[in-house]
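The values are calculated or read from the model by the stated rules, or taken from the named source; none is laboratory data. This is a predicted model, so every value here is computed, not measured. Every residue, glycine as well, gets a Cβ built from its backbone with ideal geometry; the counts of neighbours run over all protein chains shown. Heavy atoms of the whole protein, side chains included, go into the accessibility calculation; ligands, DNA and RNA do not. Shrake-Rupley method; radii C 1.70, N 1.55, O 1.52, S 1.80 Å.
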Amino acid sequence: MRAPSDKDWMRKALRLARRAWGQTTPNPMVGAVLVRHGREVGAGYHHRAGLPHAEVEALHVAAGARARGATLYVTLEPCCTHGRTPPCTDAILAAGVARVVVGCLDPNPRHAGRGVAALRDKGIEVEVGVLEAECRELNEAFFCWIQHRRPFVLLKMAMTLDGRIATASGESQWITGEKARAQVQKLRQWAGAILVGGETVRRDNPNLTVRSPQNWWRQPLKLVWSRQRAVPKNLNIWKDPTNPPRNVSPATPAQWRRLLAELGAQEVTALLIEGGGELAAACLRAGIVDKVQFYVAPKILGGRGSRPVVGGPDPIALADALALCDVRIQRVGADFVVTGRVGSRSAEALPARPRRGNASPRAPR
């Protein structure tokens, strides 16, 4: 039986980080594992903003002596500045860790590369970039927010094989199966805000809440895109008086960017767009979507009046189609999910290794 590799230990750190899915915002999700003589001696993850970071959690489990001479695997570069908690680099140095393996650098200019440099300056061997793509994708919303002062924008839609989201009368529940809908609950846990069209709210009467698990600690903000009239007060979206819906009506790319900037200032790191078709078209046309996640049911609805997954003006040529990058297709129960980044937004939302001069809001880490 072969000994675990650096990648194996980093995969364990990633699994730990994902335990805090949707709970660390506006901080990133981070996992850490301490290994000495080929055996795990400590492990931990960042549970929530203001609580100890993953490295400190792992060092605490190692209980001092076992950390000396060990290798620390961590999904994100250790912080080297005082925030809500002390610098992790200080704790690593004090524990006598001999080697640190980092998944990806922290995009925050207060940290970017500085944590690695601080450790190397003290004689610790540091390797960067093990499972880098996976580590970066885990925190794509945090990366976007910390660098661009706006939330990462995901457009989620459910449709039939022929691209329909509802019948001509507006019936749409349910196109996809239970497993696909369970994934949507995970997306709502991750999102700081959900945006839907006014027609969708009036037709489907959604709650726009995280229903699973019950009593989720942080319900997303509710945004309703409507330029016609306010949302009727008898609908489910008003049930929680502590989180009432907010009407928004951006029409131009500049207005959409202002809305994203406002959300970013409220520490919303991820915006989930849930439809309908006209809203999807407006957001794609405005160029604010970073990634799409389309759930496709193996059903054919048909009908000229059935509602398309993306509405808006008719394109003139096929050249007007938006190209997706980094496309993935997965099976979810009886359905399929197609995920991809939208054109040039992929470079902005998941940037290359950060440069120190980038402007950024102060990170809460």
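Overview of results
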| quantity | calculated |
| --- | --- |
| Test result for Arg211, in a helix (DSSP H, G or I), open to solvent by 60 Å² or more (accessible area, probe 1.4 Å) and under 29 Å from Asn27 (Cα atoms) | no |
| Residue tally, condition surrounded by fewer than 20 Cβ atoms within 10 Å (Cβ to Cβ) and assigned to a helix (DSSP H, G or I), over segment 172-183 | 5 |
| Selection count where residues are open to solvent by less than 30 Å² (accessible area, probe 1.4 Å) and either out of contact with any Ser or Thr (no Cβ under 9 Å at 6 or more places or on another chain) or outside any helix (DSSP H, G or I) (or both), scope segment 130-142 | 5 |
| Filter pass, Leu14 being in contact with a Gly (Cβ under 8 Å, 6 or more places away or on another chain) and under 23 Å from Glu140 (Cα atoms) | yes |
| Qualifying residue in segment 119-141 (condition: touching a residue at least 24 places away in the same chain (Cβ under 8 Å) and touching a Pro at 6+ places or on another chain (Cβ under 6 Å)) | yes |
| Residue match in segment 151-161 (condition: over 30 Å from His82 (Cα atoms) and part of a loop (DSSP other than H, G, I, E, B)) | yes |
| Arg258, sole failed condition from (1) farther than 30 Å from Arg136 by Cβ; (2) open to solvent by 40 Å² or more (accessible area, probe 1.4 Å) | (1) |
| Neighbours by Cβ (under 7 Å, 6+ apart or cross-chain): first from segment 280-299, open to solvent by less than 10 Å² (accessible area, probe 1.4 Å); second acidic (Asp, Glu) | Tyr295/Asp335; Ala297/Asp335 |
| Number of positions in segment 270-329 that are out of contact with any Ser or Thr (no Cβ under 6 Å at 6 or more places or on another chain), in a loop (DSSP other than H, G, I, E, B) and under 25 Å from Leu208 (Cβ atoms) | 9 |
| The listed residue being open to solvent by less than 30 Å² (accessible area, probe 1.4 Å), out of contact with any Cys (no Cβ under 9 Å at 6 or more places or on another chain) and over 26 Å from Tyr73 (Cβ atoms), out of Leu154, Leu195 | Leu154 |
| Segments classed as strands (runs of 3 or more DSSP E), wholly inside segment 1-112, with at least 3 members that are surrounded by fewer than 21 Cβ atoms within 10 Å (Cβ to Cβ) | 39-45 |
| Subset of segment 113-129 that is among the basic types (Lys, Arg) and loosely packed, with under 15 Cβ neighbours inside 10 Å - its residue that is nearest to Glu267 (Cα to Cα) | Arg120 |
| Residue that is surrounded by the most Cβ atoms within 10 Å (Cβ to Cβ), among those in segment 157-171 that are in contact (Cβ under 8 Å) with a residue 60 or more places away in the chain and charged (D, E, K, R) | Arg164 |
| Residue satisfying all of: in segment 215-229; more than 22 Å from the chain's Cα centre (by Cα) and more than 25 Å from Ala265 (Cα to Cα); least open to solvent (accessible area, probe 1.4 Å) among these | Arg229 |
